[in-house]
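Here's the structure we're looking at; comments come further down.
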Amino acid sequence: MLANVVWHKNFRILLDLTRDDLDHPEFPGLWDLIYTADRFYGRRGVPVSERDLQCGGVCRDMGVEAPMHLRMRGGRREAVHERREDEERHSVPMSDEHKAYQERILRAAHEGGFGGDSEVRTRVGRTWIQTDTLVEGADGRRIGWEVQLSTIDERGLRGVRARVGKAAKNGITPAWHTDRAAYAQRNDTHWTRSDRLPAHLIARNGDLRIVSGFRALDFWHCDTSALYPCPHGIRRCGKAHATPTPRDVFFDDMVRQTAAGTIVPIQFRAGSTVHRYWVTSADRDRLDDLDSDDTRLPPERDTAPATGASRNRPTCRPATDPLTVHAPHDLPYVPALPTQSAAPAIESAPPATAQHASRAHQVSDGTIGLPSELIMLQQAAEDAHLKLQHLDDHHDRDLQRRVWREAAEAVQAAVTHYARTKRLNRHEVEARLRQLVRNPTQ
Ligand SMILES: [Zn+2]
Ligand SMILES: [Zn+2]
């Protein structure tokens, strides 16, 4: 079996030898150029490893630099690995179990009204992403399934993080599935796992369960009747928290719901570890409500855009307790936004250094007595948010989220106006205001 995808080290492009134009219509005559060059190197005795070409297939996917040279056989273009060990990497046949998974994913997707295909190559600039099985979901959502079974060795896991990152950056939500517990415990992507099963069972229509990788979020109120300890301290804080609990889901449902967007990946940091798993979008939304506050409004959801509101996603806040989840802020299909408070764009640039000293002086006594109107607005926003966190019903939360959003926008607009007219630092006014409302004794 010959590799037909070649990486050109110096041009930094992948070449598809099965296509006349090598899949680069923008460079006419590319084949003649590289073939002539390769033959010239050969005649000059330049070792293959010092020439321009490497395997662009599985070798590259696994992070191995495998030198190749070109030849013509019976009118066909061929790329040949220099080393036998690289060649052997290609001859590992796809197991029956793996094929059964590919078929099952496509069948489950199809039954849910979604299309898809196996061994899909997605063009990315001048290179490609190779996806095991790609499901075309709703609203342009693309789920890239990669199946890694115990029938292959650990080499298959080389470069997972790089492949996941590249897929995510190009609009493909990676979904890696395995039947090996050791893989499922890795944190490099959102692994799901099923029990090890023979191909004929995987292929059948019967129950196939995902036994790890999916969590239900348990939302609870931090009062004296709570089952879990408060993640923020010893005493009860009265707020709402979320605790993830493992839950089995059917594999077919996972395929369809990820395509529909009703099951989504989240990630959060606990200590130095990033945890990754799948949850329902309803749980994800509710987690967003929990973790946002009035300077970090949650993303708009099927409501009219609120003018003047920040459309930034909430910024990431590290969790200190492994039991508690913080919101997923860098989901693969959501472009990461820089950490930023929600100051309106109209706010003026920071003052020049010369003015700064006198202004800082003003601030130190200027914000002590904030107008009661500001305090009332801030209090209203806090109350609305607290109420939102305590609502269980999805529809109720949609309504309350709107109430809270309006309250939050009102206080932000008022803070901006006040800081402007009093020539104060807006950020400091805001911080002082929150402190006054949240800890009235200070
Ligand atoms: Zn290769
Ligand atoms: Zn608490």
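Within segment 214-227, take every residue that is surrounded by fewer than 17 Cβ atoms within 10 Å (Cβ to Cβ) and under 26 Å from Ala184 (Cα atoms) and give me the one that is farthest from ligand 2 (Cβ to nearest atom). Outline the logic, then answer.
If we filter segment 214-227 for residues that are surrounded by fewer than 17 Cβ atoms within 10 Å (Cβ to Cβ), which is where we start, we get 216, 218, 220-221, 223-227.
Cutting the leftovers down to under 26 Å from Ala184 (Cα atoms) gives us 216, 218.
Details: Ala216: 20, Asp218: 14 Å.
If we take residues in segment 214-227 being surrounded by fewer than 17 Cβ atoms within 10 Å (Cβ to Cβ) and under 26 Å from Ala184 (Cα atoms), then Ala216 is farthest from ligand 2 (Cβ to nearest atom).
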Checklist entry - Going through segment 278-294 one residue at a time, which ones are surrounded by fewer than 20 Cβ atoms within 10 Å (Cβ to Cβ) and either within 16 Å of ligand 2 (Cβ to nearest atom) or over 23 Å from Gln400 (Cα atoms) (or both)? => result Asp293
Checklist outcome for this item: The lone condition Glu409 fails out of (1) closer than 28 Å to Asp223 by Cα; (2) buried (at least 19 other Cβ atoms within 10 Å of the Cβ) is (1)
Next on the checklist: Checking Arg269 against (1) part of a helix (DSSP H, G or I); (2) modelled with pLDDT under 95, only one condition comes out false. Which one?
Outcome noted: (1)
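Considering only residues of segment 11-59 that are within 16 Å of ligand 1 (Cβ to nearest atom) and in a helix (DSSP H, G or I), which is nearest to Arg123 (Cα to Cα)? It would help to see each step written out before you state the result.
Restricting attention to segment 11-59, the residues satisfying the condition of being within 16 Å of ligand 1 (Cβ to nearest atom) are 14-18, 48-49, 51-59.
Next, only the ones that are in a helix (DSSP H, G or I) stay: 48-49, 58-59.
Values: Val48: 27, Ser49: 27, Val58: 17, Cys59: 19 Å.
Checked segment 11-59; the qualifying residue nearest to Arg123 (Cα to Cα) is Val58.
Only one of Gly144, Gly159, Gly137, Gly125 is at pLDDT below 85, in the same structural domain as Trp191 (by TED's automatic domain parsing) and within 18 Å of the chain's Cα centre (by Cα); which? Walk me through how you get there before you give the answer.
On the way: Gly144 fails: at pLDDT below 85; Gly137 fails: at pLDDT below 85; Gly125 fails: within 18 Å of the chain's Cα centre (by Cα).
Exactly one residue qualifies, and that residue is Gly159.
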Checklist entry - Does Ile129 count as outside any helix (DSSP H, G or I), in contact (Cβ under 8 Å) with a residue 40 or more places away in the chain, closer than 30 Å to Asp252 by Cβ and aliphatic (A, V, I, L, M)? => result yes
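Within segment 405-419, which residues are touching a residue at least 60 places away in the same chain (Cβ under 8 Å) and not acidic (Asp, Glu)? Break it down into steps so the answer makes sense when it comes.
Our first condition is that a residue be touching a residue at least 60 places away in the same chain (Cβ under 8 Å); within segment 405-419, this holds for 405-409, 411-413, 416.
Answer for segment 405-419, where residues must be touching a residue at least 60 places away in the same chain (Cβ under 8 Å) and not acidic (Asp, Glu): Arg405, Ala407, Ala408, Val411, Gln412, Ala413, Thr416.
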Item to check | Criterion (over 30 Å from Arg438 (Cα atoms), in the same structural domain as Asp117 (by TED's automatic domain parsing) and more than 16 Å from ligand 1 (Cβ to nearest atom)) met by exactly one of Ala259, Ala184 | outcome: Ala184
Next on the checklist: Cβ contacts < 7 Å: first residue touching a residue at least 24 places away in the same chain (Cβ under 8 Å), restricted to segment 49-74; second residue among the hydroxyl-bearing types (Ser, Thr, Tyr) and away from ligand 2 (no atom under 16 Å from the Cβ), any location; separation 6+ or different chain. Result?
Outcome noted: Leu70/Tyr35
Checklist outcome for this item: All-but-one check, Arg89 against (1) closer than 27 Å to Thr18 by Cα; (2) at pLDDT 85 or above; (3) among the charged types (D, E, K, R), failing number (2)
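The values are calculated or read from the model by the stated rules, or taken from the named source; none is laboratory data. Quick caveat, the model's predicted, so the values are computed rather than measured. Don't worry about glycine lacking a Cβ; one is built from the backbone with ideal geometry, like all the others, and counts go over all protein chains shown.
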